[in-house]
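Structure record follows, encoded as structure tokens.
None of the figures in this text is laboratory data; all of them are computed from the coordinates on show. Since this is a predicted model, take the numbers as computed values, not measurements. Backbone-built Cβ (ideal geometry, glycine too); neighbour counts: all protein chains shown.
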Amino acid sequence: MKLHFPNPCRSFDEHKNRIQFWGYDRAIEISFYVEAAALKRLCPGTKSVEKELLKAFDTVREKIYAAAEKIYDRGGGSKGTYAYILAAEDF
């Protein structure tokens, strides 16, 4: 089954300077994190502040979801890993 993103919520992790969002493989919730450097690569000029990083995430949400699907598939799907980090080189 394909990974789904029915929940549009995302949150800012201030301590690690990244955005968290969630995907679902059937009933299993998978956490994803997008590093600030990745968002800056996708949206040049973005500052490392919560408001701008969240805006950048919303602007390129579909690209982020596509990268999350690739990383999830590469990791073998739901075989015990329930958190993935998307870095700049993933885009």
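Observations
- Loop GluC sites (Glu not before Pro), the stretch 1-53, which have at most 13 other Cβ atoms in a 10 Å radius of their Cβ (DSSP): Glu14
- Long-range amide H partners of Val49 with built H, under 5 Å: none
- Helix content alone sets the calculated 222 nm mean residue ellipticity of the chain: runs of n ≥ 4 DSSP H residues at -39500 (n - 2.57) each, divided across all residues, give -10000 deg cm²/dmol.
- If you take the alpha carbon atoms of the chain and fit the smallest convex hull around them, that volume is 86 Å³ per residue.
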